[in-house]
Amino acid sequence: MRYCAIAALLLPASCSRQPDYYSPAAARPAARMIAPGELAHFTSMSAPGAANHIVSGVLDQGGDSWRWCGQEVQLRFRVPVSRGLKFRTELAIADMTFPQTGPVRIEVSIDGGPPHAIDFDKPETRTVEWEIADGSVAAGQPVKVVFSASKTWPPPGGGERLAFILTSAGFVQ
């Protein structure tokens, strides 16, 4: 009798609803990490391989996704094709520097070509993009990109002069 009572108490618990069935997520290949010294066509300053693209002028200080830059910055990339490319960069002039520097012009030159000007008349973050003439950069070869700022800001207490903030740069299709 005691076993019947226990079984009667446990019976409702055994009738619980099974969870719905869901298909597993589609398998995707893992993103390939670039090797030390290897160049890609694009980088963000938070990417593990960002240091591979920095030749000079990008400072170690900054946030997780951006870095301070000096007056002149040199980066390098390697593009897979020489046609149908655009250069894209996200950069900013900081609220804390603008009161002392005023408007800032940043010129960007690709492989020694004529510079493209980006004028900041207020502190802000911008993503800019422009087309690259077909064949003006060589596929599979290093491409040099130079950013030149018209003004810099001396941080309180000394240290390297700061010009702008760089979040990402490179070539897209």
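The values are calculated or read from the model by the stated rules, or taken from the named source; none is laboratory data. Because the structure is a prediction, the values reported are computed rather than measured. Please note: Cβ atoms are built from the backbone with ideal geometry, for glycine as well, and neighbour counts cover all protein chains shown.
General remarks:
- With respect to the conditions (1) in contact with a Ser or Thr (Cβ under 6 Å, 6 or more places away or on another chain); (2) over 22 Å from ARG161 (Cβ atoms); (3) not aromatic (Phe, Trp, Tyr), ALA92 lacks only one, and its number is (2).
- For the stretch 128-142, the count of residues that are out of contact with any helix residue (DSSP H, G or I) (no Cβ under 7 Å at 6 or more places or on another chain) and without any contact (Cβ under 8 Å) to a residue 40 or more places away in the chain is nonzero.
- Hits in the stretch 129-144 - residues which are among the β-branched types (Val, Ile, Thr) and touching a Lys or Arg at 6+ places or on another chain (Cβ under 7 Å): ILE132, VAL143
- Annotation: GLY49 fulfils all but one of (1) out of contact with any Pro (no Cβ under 9 Å at 6 or more places or on another chain); (2) over 20 Å from ALA149 (Cα atoms); (3) modelled with pLDDT under 95; (4) small (Gly, Ala, Ser); the unmet one is (1).
- Among the candidates LYS122, LYS151, residue that is touching a residue at least 40 places away in the same chain (Cβ under 8 Å), over 23 Å from HIS41 (Cα atoms) and in a loop (DSSP other than H, G, I, E, B): LYS151
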